[in-house]
1. Are any of the residues in region 62-76 within 15 Å of Ala22 (Cα to Cα) and in contact (Cβ under 8 Å) with a residue 60 or more places away in the chain?
2. Quick one: in region 93-116, of everything that is in a loop (DSSP other than H, G, I, E, B) and of a type in the set (D, E, K, R), which residue is nearest to Ile38 (Cα to Cα)?
3. Could you check Lys11 against (1) assigned to a strand (DSSP E or B); (2) at pLDDT 95 or above and say which number it fails?
4. Please go through region 30-54 and pick out each residue that is out of contact with any strand residue (DSSP E or B) (no Cβ under 8 Å at 6 or more places or on another chain), over 13 Å from Glu9 (Cα atoms) and in contact (Cβ under 8 Å) with a residue 12 or more places away in the chain.
5. So which residues in region 50-76 are assigned to a loop (DSSP other than H, G, I, E, B) and polar (S, T, N, Q), if there are any at all?
6. Check Ala83, Ala90 and return the single one that is part of a strand (DSSP E or B), touching a residue at least 40 places away in the same chain (Cβ under 8 Å), of a type in the set (Gly, Ala, Ser) and surrounded by 15 or more Cβ atoms within 10 Å (Cβ to Cβ).
7. Can you pull out every residue in region 12-29 that is surrounded by 18 or more Cβ atoms within 10 Å (Cβ to Cβ) and either touching a residue at least 40 places away in the same chain (Cβ under 8 Å) or closer than 19 Å to Val102 by Cα (or both)?
8. Please determine, by comparing only the residues of region 93-116 that are over 15 Å from Val23 (Cβ atoms) and surrounded by 12 or more Cβ atoms within 10 Å (Cβ to Cβ), which one is farthest from the chain's Cα centre (by Cα).
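The values are calculated or read from the model by the stated rules, or taken from the named source; none is laboratory data. Since we're looking at a predicted model, the values are computed, not measured. FYI the Cβ positions are ideal-geometry reconstructions off the backbone, even for glycines, and counts take in every protein chain you see.
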Amino acid sequence: MTAPRGEVEVKAAIIYDGMAVAVLHFNPQDGALLPLGIHPRAFGVNPPLETIKRTLPSIMGDLEVLNGAEYREPESAWIIPLAYKGMIVAHLKIYADGIHVVPDYPANQELRAYGK
């Protein structure tokens, strides 16, 4: 997808109960999974979507829930880091009750608008 400033973004949603609950970001130039917080600036490139689609199942299978959590007061939610090969690639939000997963509402809006 092309972001508002014209940069190319490649994302994949982690879906739970039909809702996006986290987002993985990929380098639009080579298709590599990126650590959380890294946003490369690539303009006018054709991302290797087929490569990403092929590797996504193995990435999902190798995601690791890290042993730790952060509590965010305004959201009343626990933030659980998800890692792939030692790098944090996403956060999963769990309601304060410790049971229910919080949907990623912005990701769900993007998925409805641009999802493929």
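1. Looking through region 62-76, none of the residues is within 15 Å of Ala22 (Cα to Cα) and in contact (Cβ under 8 Å) with a residue 60 or more places away in the chain.
2. Result: Asp104.
3. Going through (1) assigned to a strand (DSSP E or B); (2) at pLDDT 95 or above one by one, Lys11 breaks only (2).
4. Selection gives Thr51 alone.
5. Asn67, Ser76
6. Ala90 is the lone residue from the list that is part of a strand (DSSP E or B), touching a residue at least 40 places away in the same chain (Cβ under 8 Å), of a type in the set (Gly, Ala, Ser) and surrounded by 15 or more Cβ atoms within 10 Å (Cβ to Cβ).
7. Result: Ala12, Ala13, Ile14, Ala20, Val21, Ala22, Val23, Leu24, His25.
8. The selected residue is Ala96.
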